[in-house]
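Report on the structure given below.
The values are calculated or read from the model by the stated rules, or taken from the named source; none is laboratory data. Not measured: the values here are computed from a predicted model. Here the Cβ positions follow ideal geometry from the backbone for every residue, glycine too, while neighbour counts run over all protein chains shown. Ligands, DNA and RNA are excluded from the accessible area calculation, which covers all protein heavy atoms including side chains. Shrake-Rupley method; radii C 1.70, N 1.55, O 1.52, S 1.80 Å.
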Amino acid sequence: MSGILMAAGGPDLDSQQCIPRGAEIQKLGWRMSVCADQADAVLAKLAQLQLEQWESSAGRAYRTTLALHAASLRRGRDALREAAAATLRHARNVASKPQSGF
C-alpha cells in the first residue's frame, strides 16, 4: 500500500522530490500568466475593432458579436489568472513542504 501512496504523490515524498516538482508547478503557473497576458492583447485588438464606425446594420451586428466574444474572453482570462495564482500558491506550498517522517 505504501508503494501506491508513493507513486500517487502521497506522504512518502521527501523534500528532495518536492523541490523539483514545485519548480515545475511554478513554471506552469507562469505559463498560465503569460497566456492571460496574451488574452489581454487580444482584448485590446478587439476593442480597436469595436471602435470602428460602421453605420450599417451589419456593422452594428459585427460590433455586437465582437462585444460578446470579448466578454467571453474576459471571463476566460479572469479564470486563467485565478488558476495561475492558485497554481503559483500551490508551487510555493510544494517547494516549502517539510520532509515527512512517514
**Residue ID - nearest to residue 33 (Cα to Cα), chosen from residues in the stretch 50-69 that are small (Gly, Ala, Ser) and either touching a residue at least 40 places away in the same chain (Cβ under 8 Å) or surrounded by fewer than 12 Cβ atoms within 10 Å (Cβ to Cβ) (or both)** = 61
**Complete:** Counting only residues in the stretch 85-102 that are open to solvent by less than 100 Å² (accessible area, probe 1.4 Å) and of a type in the set (A, V, I, L, M, F, W, C), the one modelled with the lowest pLDDT is identified as 95
**Request:** Check whether at least one residue in the stretch 70-84 is at pLDDT 85 or above, over 30 Å from residue 20 (Cα atoms), in a helix (DSSP H, G or I) and open to solvent by 70 Å² or more (accessible area, probe 1.4 Å), and report yes or no.
**Result:** yes
**Complete:** Looking across the stretch 12-43 at residues that are over 17 Å from residue 81 (Cα atoms) and open to solvent by 50 Å² or more (accessible area, probe 1.4 Å), the single one that is modelled with the lowest pLDDT is 14
